[in-house]
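Data block below; observations after.
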DNA sequence: TGATTGTTTGATGATTCTATCATTTAAGAA
DNA sequence: TTCTTAAATGATAGAATCATCAAACAATCA
C-alpha cells in the first residue's frame, strides 16, 4: 500500500493502445495542465512557486493538476530543499503541444475563412494571441 | 437557428490559446474517437458503415462520437448516395496521433523498466499490439 | 522546540461526459 | 406510395472530472 498510483492513469499495459492513447489525451485535456506543460516546455525545470506566480492559481488547485500530470507520467518532480521542481518527462510532450498548435492554427484559420465565406480579402494577420 | 454548433467545441476565437488547445485534447480524449481517427489516418476516407464493422460499435454510439469529432472540426464528412464518408480534416491530426504513439512508447518503456527495476536485460521486444 | 514557508492531500457539491434506448430524417428500391 | 437501409438526434441514468475549502505534511530557520 505504498504506491502513489490511484486513478486508472495510463501505465496500464495490456490495455489496447487506442485506449492508452485516449488516456494520454485525457491527461492533457485541461487548460491549467496545458499551461503548466507549456511553461515546462520553455525551461528545463520550473519550481512550483514559479508556476504559481506565472499562472496566478491557488496552490491546492495547481497542486492537484500537477498530481494529475505526475500520475499520467507527463512530468517528473524533484525536491531540493524547500522547493519542488518539475520537468517534462519526455521531449515529445513539447512536440505534441507544438503539433497541436499547428493543427489549431490550420483549423481555426479554415474555420475563420468558413465563417467569413470569402468576403474580406485579408483578416488582419492571424489570431495569434496569448502564448 | 440553423447552426449545427451546440457545445463549446473549440472554434471559440478570443479564448486564450491554452484553453483552445485543452479543448482539442478533450476532443481526442476517448478511445472510440481515437480508433476512428486511426482508421481515418490509414485511408483517405472511410464510410460510417465501414467504421461500424471495423469497431463493432452500436450505430448511435459511433454516430455520437462522429458528431463530437465534427464539432471539434477534426473530421469532415460528405454524403454520397446512401453512405456518409468521413475524412480527417487535416493531416496534422494523423501526425498528432503519431507523436502521441511515440511518446507513449517512450513513457511506457520507461515505466516498464522502472517497474522491473533494472532486472531483466531485454523485455522481449516492445509492447506493440493492437493498432 | 516551535514558527514559517512551500506543497500536497482529502472531502465536498457542481458540472460534464458516456453508453444506451427509442425516435427521426434521408435516400433509394419496389 | 410504401418498404428497407443508413445515419443522426434526443433523452436519460450513471460515471468521471473540476473547483473549492480545510487540513496535513515537509524542510528550514529561530
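The values are calculated or read from the model by the stated rules, or taken from the named source; none is laboratory data. Bear in mind that the values here come from a model prediction, so they are computed numbers and not experimental data. Positions of Cβ are generated from backbone atoms using ideal geometry, with glycine treated the same way; all protein chains shown enter the neighbour counts.
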Which listed residue, of A:68, A:36, is modelled with pLDDT of 95 or more and touching a strand residue (DSSP E or B) at 6+ places or on another chain (Cβ under 9 Å): A:36
State whether the residues of the stretch B:9-27 include one that is modelled with pLDDT of 95 or more, within 13 Å of DNA strand D (Cβ to nearest atom) and more than 9 Å from chain A (Cβ to nearest Cβ). no
Among the candidates B:36, B:68, which residue alone is outside any strand (DSSP E or B), within 10 Å of DNA strand C (Cβ to nearest atom) and under 24 Å from residue A:16 (Cα atoms)? B:68
Within the stretch B:64-79, the residues that are within 9 Å of DNA strand D (Cβ to nearest atom), over 15 Å from residue B:39 (Cβ atoms) and away from chain A (no Cβ under 13 Å) are B:64, B:67, B:79
Could you tell me whether the stretch A:43-53 includes any residue that is under 21 Å from residue B:33 (Cα atoms) and either within 12 Å of DNA strand D (Cβ to nearest atom) or touching a helix residue (DSSP H, G or I) at 6+ places or on another chain (Cβ under 9 Å) (or both)? no
Those residues of the stretch A:91-109 which are more than 7 Å from chain B (Cβ to nearest Cβ) and either more than 16 Å from residue B:23 (Cβ to Cβ) or exposed (fewer than 15 other Cβ atoms within 10 Å of the Cβ) (or both) amount to A:91, A:94, A:98, A:109
